[in-house]
């Protein structure tokens with residue numbers, strides 16, 4: 001029996017990308033190779049909000065008590081080591097039992113599973129085989145990995161997912177890839193990995209989802225897409241507004257939609273922001 005360090009496990013609707021509006025179980029694993037402290041900040045500056053929260057970590061006993069942030073990574077507690085004690089290590093059996101209690105009919109029907117992070121493909125790949133092989137998971141028909149697109153798949157997981165998809169309908173596996181542009185504060189050469197995205201696209205449906213706030217961000221996204229296309233990627237491209245809270249999100253949502261229309265790309269909302277104020281567990 002495998003174990004996973006779980007930051008969040010909850011039932012909601014998918015707020016982003018291809019499955020927007022679909023009822024979903026979200027399994028958010030702990031750990032990431034990026035910090036993304038540049039979101040919502042002036043070019044070249046990094047957010048200090050998480051530093052201020054971490055300085056008072058003694059005030060928080062549960063993950064859901066942590067404050068939301070308007071700059072930097074809005075899921076900071078899922079990867080920052082200073083908050084690791086708020087994310088328990090759970091067995092796959094206990095995760096599956098929790099999922100069954102969350103599903104409206106206590107079994108898989110129209111819902112799909114979203115494995116997210118942090119970066120879910122960083123350190124837990126072997127555990128996903130045990131999770132998906134569980135008897136109570138047999139009814140699951142659609143699976144999404146929300147990833148930053150930097151982590152290659154281990155051969156064992158690739159082989160398993162290939163067979164898993166064969167037993168289900170076309171499009172059973174989706175890779176929702178959110179490559180990090182300079183707006184995130186991460187380095188281009190570490191964040192843009194065309195060969196890895198192509199590998200995902202050979203296993204399931206893969207699409208790109210860029211978080212942008214300015215025309216410069218959109219130009220960077222175009223450059224990245226050109227690199228991905230050169231390496232064989234043929235999937236869809238989405239633009240999504242930056243902003244984990246409404247005050248920031250509402251500032252640029254319309255402009256991002258207009259840019260997506262101009263380029264012939266898709267626009268992705270972030271439904272969790274207007275519907276649930278991006279609270280934990282949504």
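The values are calculated or read from the model by the stated rules, or taken from the named source; none is laboratory data. Note that this is a predicted model, so its numbers are computed, not measured. Heads up, the Cβs are rebuilt from the backbone with ideal geometry, glycines too, and the neighbour counts pull from every protein chain shown.
Listed values, structure above:
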quantity	calculated
The listed residue being out of contact with any strand residue (DSSP E or B) (no Cβ under 8 Å at 6 or more places or on another chain) and either more than 28 Å from residue 241 (Cα to Cα) or not in a loop (DSSP other than H, G, I, E, B) (or both), out of 85, 74	85
Every residue from the range 88-109 that is more than 19 Å from residue 30 (Cβ to Cβ) and out of contact with any strand residue (DSSP E or B) (no Cβ under 8 Å at 6 or more places or on another chain)	97, 100, 101, 105, 106, 107, 108, 109
Selection from the range 46-87 of residues that are within 19 Å of the chain's Cα centre (by Cα) and farther than 22 Å from residue 119 by Cβ	70
Residue match in the range 6-15 (condition: surrounded by fewer than 18 Cβ atoms within 10 Å (Cβ to Cβ), in a loop (DSSP other than H, G, I, E, B) and at pLDDT 90 or above)	no
Residue list for the range 88-114, restricted to those being under 21 Å from the mean Cα position of the chain (by Cα) and assigned to a helix (DSSP H, G or I)	92, 95, 96, 98, 99, 102
Residue in the range 30-49 that is assigned to a helix (DSSP H, G or I) and surrounded by fewer than 21 Cβ atoms within 10 Å (Cβ to Cβ) present	yes
Residue check for residue 68: outside any loop (DSSP other than H, G, I, E, B) and under 18 Å from residue 10 (Cβ atoms)	no
Which listed residue, of 247, 169, 201, is farther than 30 Å from residue 46 by Cα and at pLDDT below 95	169
Tabulated pairs, the range 63-75, first touching a residue at least 60 places away in the same chain (Cβ under 8 Å), second outside any loop (DSSP other than H, G, I, E, B) and exposed (fewer than 14 other Cβ atoms within 10 Å of the Cβ), C-beta under 8 angstrom, 6+ apart or interchain	70/247
Criterion (without any contact (Cβ under 8 Å) to a residue 24 or more places away in the chain and either touching a helix residue (DSSP H, G or I) at 6+ places or on another chain (Cβ under 6 Å) or farther than 25 Å from residue 77 by Cβ (or both)) met by exactly one of 176, 201, 169, 159	159
Lone unmet requirement of (1) touching a residue at least 40 places away in the same chain (Cβ under 8 Å); (2) at negative phi; (3) buried (at least 18 other Cβ atoms within 10 Å of the Cβ) for residue 83	(1)
Filter pass, residue 117 being within 22 Å of residue 3 (Cβ to Cβ), crowded, with 16+ Cβ neighbours inside 10 Å, under 19 Å from the mean Cα position of the chain (by Cα) and modelled with pLDDT under 95	no
From 130, 195, residue being in a helix (DSSP H, G or I), under 30 Å from residue 100 (Cβ atoms) and at pLDDT 95 or above	130
Total residues in the range 136-151, condition under 21 Å from residue 6 (Cα atoms) and surrounded by fewer than 17 Cβ atoms within 10 Å (Cβ to Cβ)	1
